[in-house]
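Step one of this worksheet: look at the structure below.
The values are calculated or read from the model by the stated rules, or taken from the named source; none is laboratory data. All values reported here derive from a predicted model rather than from experimental measurement. No Cβ is skipped: glycine too gets one built from the backbone with ideal geometry, and neighbour counts run over all protein chains shown.
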Amino acid sequence: MIAEMLSQSVEAIKCEGCRSDVRTSYCNTCKMLECSTKKGIDFCIECSDYPCEELKQFQSVLPHRIEIWQSQARIKEVGWEQWYREMAQHYSCPDCGTMNSAYDRACRKCQTTPSCEYVRINTEGIIQRLPKRP
């Protein structure tokens, strides 16, 4: 669905996260990654400028960024390892355990709706932020 909206191949939009070597072309010019690298920090919440205007704009655009403020606060509170475990659960299907994304309204394996807790909580915001199709 995302590849179609962006008129790109599925392979071109494949992303395994900010710290991986497999990122979309958009991510290769990410200002936040460049900034955090320059400042020697791992997460934006560690920055004295948090939350900066760049991050506020970034957060407001796409459905998978809705919980960025809560995630940053949770990372600060419990550390990224615990936060990661919690997010794995947050994005997993309650019926079959399959990991889904913010864009999967139904589970990609068993079709349970909603696909995960993230989608259950954020359905309205996800719909509002989806790019309009021509």
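Brief remarks follow.
- Scanning region 30-54 for residues that are part of a loop (DSSP other than H, G, I, E, B) and not aromatic (F, W, Y) yields a total of 9.
- Any chance M87 is under 25 Å from E124 (Cβ atoms), touching a helix residue (DSSP H, G or I) at 6+ places or on another chain (Cβ under 9 Å) and free of Cβ contacts under 8 Å to residues at least 40 places away in the same chain: yes
- The residues of region 12-25 that are closer than 18 Å to I68 by Cα and surrounded by 12 or more Cβ atoms within 10 Å (Cβ to Cβ), listed by number, are C15, C18.
- First in region 56-70 and in contact (Cβ under 8 Å) with a residue 12 or more places away in the chain, second anywhere and part of a helix (DSSP H, G or I) and exposed (fewer than 15 other Cβ atoms within 10 Å of the Cβ), Cβ under 7 Å, 6 or more apart: P63/G125; I66/G125
- Evaluation of Q82 against (1) of a type in the set (S, T, N, Q); (2) under 22 Å from C15 (Cβ atoms); (3) surrounded by 12 or more Cβ atoms within 10 Å (Cβ to Cβ) (one fails), failing number: (2)
- One residue stands out among those in region 106-123 that are among the polar types (S, T, N, Q) and either at pLDDT 95 or above or crowded, with 16+ Cβ neighbours inside 10 Å (or both): the one that is nearest to H90 (Cα to Cα), which is S115.
- Counting residues in region 68-76 that are in contact with a Ser or Thr (Cβ under 7 Å, 6 or more places away or on another chain) and hydrophobic (A, V, I, L, M, F, W, C) gives zero.
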